[in-house]
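A.B. asks: Please see the structure below; I have some questions.
The values are calculated or read from the model by the stated rules, or taken from the named source; none is laboratory data. Small disclaimer: the values here were computed from a predicted structure and weren't measured. Cβ placement follows ideal geometry from the backbone for every residue including glycine, while neighbour counts extend to all protein chains displayed. Accessible surface is based on the protein model in full, side chains and every heavy atom, while ligands, DNA and RNA are left aside. Shrake-Rupley method; radii C 1.70, N 1.55, O 1.52, S 1.80 Å.
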Amino acid sequence: MTRVGVLGAGAMGSLFAWALASRTAHEVWLFARAPGFADVAVEGHEPVAVRVTDRPAGPVDLLIVLVKAYATADALRWAEGAVGPETVALTLQNGLGNAEALAAVCGAGRVLAGTTALGATLLGPGRVRLGGLGPTVIAPWGGGAAPGVAPGAASGTAPVTAPVLAAHVAALLNEAGFPTEVRPDPLPLLWGKLAVNCGINALSAILRVPNGELVERPGARRLLEAAAREAAQVAAASGVILDGDSGARAVAVARATAANRSSMLQDVERGRPTEIDAING
């Protein structure tokens with residue numbers, strides 16, 4: 001059995017905790033600063049009991065980090081009791097800079113970075129509405145041998161390589177019902193999602209509309225495509241060449257998640273800080 005900690009009790013953190021707790025036999029913890037609930041439910045499904053705590057203590061095998069990008073460093077300090085010498089950390093967050101923050105705590109060889117096309121809306125503490133289905137893709141942040149063993153492996157097992165760690169974690173997420181694959185390089189994944197988010201998130205928050213409406217308004221669609229393409233140009237200047245047309249990809253994602261209200265729109269509607277700096281910044 002693997003001990004899994006999910007850091008962040010927002011929409012995505014609650015969704016992952018629900019799936020892991022309801023579909024696998026692993027020990028799942030949801031780390032929340034203001035818990036106040038003992039189960040998590042996705043709309044249309046029965047609630048599932050989850051170990052929720054505001055005092056992370058005792059190392060987990062796998063730490064899935066799903067807090068807002070601006071809160072990553074602070075959240076890792078708060079949850080330091082959950083990080084041990086063999087903890088593997090996975091970021092599926094928006095924006096750039098999250099993997100570097102995890103590597104400073106866990107070591108680059110035990111960090112995985114990736115993206116997910118899942119969408120979710122937080123209805124209340126421990127209550128989530130699924131807003132879109134899509135693949136999850138992860139990659140090792142650092143190459144070479146990773147100290148310790150793979151999550152859930154027997155004590156005394158020889159150290160494994162970062163790609164093997166990624167394969168173990170992908171298998172766990174697939175077990176939880178999230179189709180997941182492994183790629184060798186995280187940078188095209190992160191920049192590719194960033195380009196899409198640059199096109200969708202801020203614009204949906206400014207116009208206060210779900211994703212699909214952005215492609216139905218000609219002016220909004222032009223802005224969406226231009227922002228995504230500009231992000232791809234920045235990626236290229238940073239040495240990461242993205243395949244295809246990022247503008248067209250952003251339009252396709254907006255259509256595929258037409259009913260979803262982006263995380264940035266949800267933040268604006270709740271009067272909370274947004275991830276604008278980590279994405280469009």
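A.B. asks: With (1) touching a residue at least 24 places away in the same chain (Cβ under 8 Å); (2) on the phi < 0 side of the Ramachandran plot as the list, and residue 46 as the residue in question, which single condition is left unmet?
C.D. replies: (1)
A.B. asks: Does residue 85 satisfy the condition of being open to solvent by 70 Å² or more (accessible area, probe 1.4 Å) and either of a type in the set (D, E, K, R) or out of contact with any strand residue (DSSP E or B) (no Cβ under 9 Å at 6 or more places or on another chain) (or both)?
C.D. replies: The answer is yes for residue 85.
A.B. asks: Here's another thing I want to ask about it. So which of 222, 272, 261 ends up being free of Cβ contacts under 8 Å to residues at least 24 places away in the same chain, of a type outside the set (A, V, I, L, M, F, W, C) and not in a helix (DSSP H, G or I)?
C.D. replies: Going through 222, 272, 261 in turn, just one is free of Cβ contacts under 8 Å to residues at least 24 places away in the same chain, of a type outside the set (A, V, I, L, M, F, W, C) and not in a helix (DSSP H, G or I): 272.
A.B. asks: Quick one: would you say residue 213 is within 23 Å of residue 70 (Cα to Cα), part of a helix (DSSP H, G or I) and open to solvent by 50 Å² or more (accessible area, probe 1.4 Å)?
C.D. replies: Against the criterion (within 23 Å of residue 70 (Cα to Cα), part of a helix (DSSP H, G or I) and open to solvent by 50 Å² or more (accessible area, probe 1.4 Å)), residue 213 does not qualify.
A.B. asks: Sticking with this one: Given 36, 44, 58, 13, which one is open to solvent by less than 10 Å² (accessible area, probe 1.4 Å) and either assigned to a strand (DSSP E or B) or in contact with a strand residue (DSSP E or B) (Cβ under 9 Å, 6 or more places away or on another chain) (or both)?
C.D. replies: 13
A.B. asks: Here is a follow-up. Within region 16-33, restricting attention to residues that are part of a loop (DSSP other than H, G, I, E, B) and under 21 Å from residue 86 (Cα atoms), which residue is most open to solvent (accessible area, probe 1.4 Å)?
C.D. replies: Among residues in region 16-33 that are part of a loop (DSSP other than H, G, I, E, B) and under 21 Å from residue 86 (Cα atoms), the one most open to solvent (accessible area, probe 1.4 Å) is 25.
A.B. asks: Report yes if some residue within region 157-172 is at pLDDT 95 or above, surrounded by 15 or more Cβ atoms within 10 Å (Cβ to Cβ) and among the polar types (S, T, N, Q); otherwise report no.
C.D. replies: no
A.B. asks: Quick check: anything in region 187-201 open to solvent by less than 20 Å² (accessible area, probe 1.4 Å), touching a helix residue (DSSP H, G or I) at 6+ places or on another chain (Cβ under 7 Å), at pLDDT below 95 and of a type outside the set (Val, Ile, Thr)?
C.D. replies: No, region 187-201 contains no residue that is open to solvent by less than 20 Å² (accessible area, probe 1.4 Å), touching a helix residue (DSSP H, G or I) at 6+ places or on another chain (Cβ under 7 Å), at pLDDT below 95 and of a type outside the set (Val, Ile, Thr).
A.B. asks: So which residues in region 89-146 are within 30 Å of residue 43 (Cα to Cα) and either free of Cβ contacts under 8 Å to residues at least 24 places away in the same chain or part of a loop (DSSP other than H, G, I, E, B) (or both)?
C.D. replies: Those that are within 30 Å of residue 43 (Cα to Cα) and either free of Cβ contacts under 8 Å to residues at least 24 places away in the same chain or part of a loop (DSSP other than H, G, I, E, B) (or both): 92, 93, 94, 95, 117, 118, 124, 125, 126, 133, 134, 135.
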